[in-house]
Structure formats: C-alpha cells, structure tokens
Amino acid sequence: MNWTLFQTNGTVIPRYSHSADIIDDTLWLLGGMNANERRPPGLCKINLITGEAVEYIIPTMCGDQPIILYNHQTVLLNKATFLILGGGGNCFSFGAHINQPMTLKFDHLVN
C-alpha cells in the first residue's frame, strides 16, 4: 500500500471536523475548523478527475441563529442538497450552541 498526494488546482482551505461527500466526480467539503482563517471554511468543490478546486463562502446565520458547521453530519438528499444534522460549538463564556437540522441547496454550483 502506498500513499500518493492528490494534486489540486485552486484553493482548498485546510480544515478538520468537516463533512465530506462525493457526488459523481466531485468531492464536497462542508464547514469544519481552521485556526488560521478569519472565518470558518465554507463549501469546497473538488473535481476528482481534473483536481480543480473552488472554495465558496456560505452564510453563517439562518435568521437570527448562528450556523456552526463543526462536528456535524451531512446526508445527501439529492445531487444538490445536503441535510445537515448536529454540529455547533461550546464556549465557556456563552454556553453551548447546537444547530437545528437544516438543508443547504447548492444546485447553482453543480455542473
């Protein structure tokens, strides 16, 4: 068994505690954490054939509720909609926040 680096063309923000889903020839990375960025990672689209990668900024609020895409799970409802379950964060000053179930539609990003 041998490891090989997968070369990407474009920006892929390093992250952890994200979700990852494959739809056809595309890998989608949603959310997660990166201590070096000013805002949390959004949605990253990586073409698994060409290596082309694009990062998209996504909203961090749903109405008056924050969306914290950290330690969450995604369920693919169709080729352009994620059901997002769980996730959130714990702050010693402000308490815990757990996301309500929500959907993210990204049909305008699917080729």
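Worth pointing out:
- Filtered residues of segment 67-111 (kept if farther than 28 Å from LEU48 by Cα, under 15 Å from the mean Cα position of the chain (by Cα) and outside any loop (DSSP other than H, G, I, E, B)): GLY88
- Residues in segment 23-48 that are among the hydrophobic types (A, V, I, L, M, F, W, C) and surrounded by fewer than 17 Cβ atoms within 10 Å (Cβ to Cβ): ILE23, ALA35, LEU48.
- Pairs with Cβ under 6 Å, 6+ apart, first in segment 77-90 and in contact (Cβ under 8 Å) with a residue 40 or more places away in the chain and at negative phi, second of a type outside the set (A, V, I, L, M, F, W, C) and surrounded by 13 or more Cβ atoms within 10 Å (Cβ to Cβ): PHE82/THR74; ILE84/HIS72; ILE84/THR74
- Segment 66-76: number of residues that are buried (at least 16 other Cβ atoms within 10 Å of the Cβ) and either in contact (Cβ under 8 Å) with a residue 60 or more places away in the chain or of a type outside the set (Val, Ile, Thr) (or both): 4
- Any chance MET33 is out of contact with any His (no Cβ under 9 Å at 6 or more places or on another chain) and on the phi < 0 side of the Ramachandran plot: no
- Just one of the numbered conditions (1) assigned to a loop (DSSP other than H, G, I, E, B); (2) touching a helix residue (DSSP H, G or I) at 6+ places or on another chain (Cβ under 7 Å); (3) among the charged types (D, E, K, R) is not true of LYS45: (1).
- All positions within segment 50-65 that are within 15 Å of the chain's Cα centre (by Cα) and touching a residue at least 24 places away in the same chain (Cβ under 8 Å): ALA53, VAL54, GLU55, TYR56, ILE58
Read-outs throughout are calculated quantities, based only on the coordinates presented, and are distinct from any laboratory measurement. Because the structure is predicted, anything quoted here is derived from the model rather than measured. Neighbour counts are summed over all protein chains in view; Cβ atoms, including those assigned to glycine, are modelled from backbone coordinates with ideal geometry.
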